[in-house]
Amino acid sequence: MAKIEVEGTFSRRIGNYVIYELNGQMIIRSISGFSSTDLYHNKKYEKCRQNAHEFGKLSSQCKAIRMALKGILPKSNNLAIVNAFTKKMRSLLLFDTISEKGKRQLAQALQNPSAKTALQYYPFNPMSPLGLEEVTLNDTSLSFTTPALFFPVHSNSIGVTTHFLFFDFITNESWLYSSSIAYFQKATLPEIVTVSLPDQSQAGSGTLFTLLEIAFFEHTNDTFMPLEEDASKIVVVLEVE
């Protein structure tokens, strides 16, 4: 880049150089950037191609999972939910130590027990504090402690639902099974809540995610009314198999 002096009219582009005004001075510099041909074929952009290939497939899988949980995830904070989940799942590609870079896959990464552990207690809603201690899982139920559970304004009850989500990372097919909702009022909320898991006779294929959903309600006149704003809803991955 260099400063130049020009008089009268002049061409804004000369060969591989462009001329433009900046802060009252004329500047000439070489044309930078890259073409689509360079992006697809130039060796210096190999890492970009690898990242784009992995990210494209991963993004479609994350979207498929979110669509499978469409009736469960909060409608508020949608952009934060999308970005946080994609970032989390992308970090799991490091656990695929078999595939070469640019071809790493979540299906392979989740064969690694460390990847499954990394997903444990992942909160789908990054804007809502968990307020949960360690959760105890057994064959037919789960238990969690509630003293640290945060109740948003106007809520005096919670509704707890558990879910099994089977997701096939090869075909992007999914199977979702849910328990019935269990209600608890804040005034009589036990320190340890135990709820049933979905019917285990139902099955799917692929990776199994066990999820806990806690929604907040206002209990009036023997009716549990969901809050108009669902930004406080908690949806947590408890286990991955």
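Observations
- The single residue among 207, 188, 145, 223 that is among the hydroxyl-bearing types (Ser, Thr, Tyr) and under 30 Å from residue 105 (Cβ atoms) turns out to be 207.
- Per this entry, residue 218 is not counted among residues that are open to solvent by 30 Å² or more (accessible area, probe 1.4 Å) and out of contact with any Phe, Trp or Tyr (no Cβ under 9 Å at 6 or more places or on another chain).
- For the stretch 111-119, the condition of being of a type in the set (D, E, K, R), closer than 24 Å to residue 195 by Cα and not in a helix (DSSP H, G or I) holds for none of the residues.
- For the stretch 143-170, the set of residues classified as part of a strand (DSSP E or B) and at pLDDT 95 or above consists of 143, 157, 158, 159, 160, 161, 162, 163, 164, 165, 166, 167, listed by residue number.
- Selection within the stretch 173-191: residues that are open to solvent by less than 70 Å² (accessible area, probe 1.4 Å) and in a strand (DSSP E or B). The member of this set that is farthest from residue 151 (Cα to Cα) is 174.
- Any hit, the stretch 192-203, residues being modelled with pLDDT of 95 or more and either open to solvent by 30 Å² or more (accessible area, probe 1.4 Å) or of a type in the set (Lys, Arg) (or both): yes
- Checked against the criterion of being farther than 17 Å from residue 207 by Cβ, in contact (Cβ under 8 Å) with a residue 40 or more places away in the chain, surrounded by 19 or more Cβ atoms within 10 Å (Cβ to Cβ) and among the small types (Gly, Ala, Ser), the candidates 76, 157 yield just one match: 157.
- Taking (1) surrounded by fewer than 16 Cβ atoms within 10 Å (Cβ to Cβ); (2) at pLDDT 95 or above; (3) under 20 Å from residue 208 (Cα atoms) in turn, residue 120 satisfies each apart from (2).
- For the stretch 221-241, filtering for residues that are in a loop (DSSP other than H, G, I, E, B) and surrounded by 13 or more Cβ atoms within 10 Å (Cβ to Cβ) leaves 6.
- Residue count for the stretch 56-69, restricted to those that are open to solvent by 60 Å² or more (accessible area, probe 1.4 Å) and farther than 17 Å from residue 110 by Cβ: 2
- Of all residues in the stretch 83-110 being assigned to a loop (DSSP other than H, G, I, E, B) and open to solvent by 30 Å² or more (accessible area, probe 1.4 Å), the one that is nearest to residue 161 (Cα to Cα): 105
- Scan the stretch 61-82 for residues that are assigned to a helix (DSSP H, G or I), of a type outside the set (Val, Ile, Thr) and modelled with pLDDT of 95 or more and the total you get is 7.
The values are calculated or read from the model by the stated rules, or taken from the named source; none is laboratory data. Keep in mind that this is a model prediction, so the values were computed, not measured. All Cβ positions, even for glycine, are placed from backbone atoms using ideal geometry, and neighbour counts span all protein chains on display. These accessible areas exclude ligands, DNA and RNA; they are computed on the full protein's heavy atoms, side chains included. Shrake-Rupley method; radii C 1.70, N 1.55, O 1.52, S 1.80 Å.
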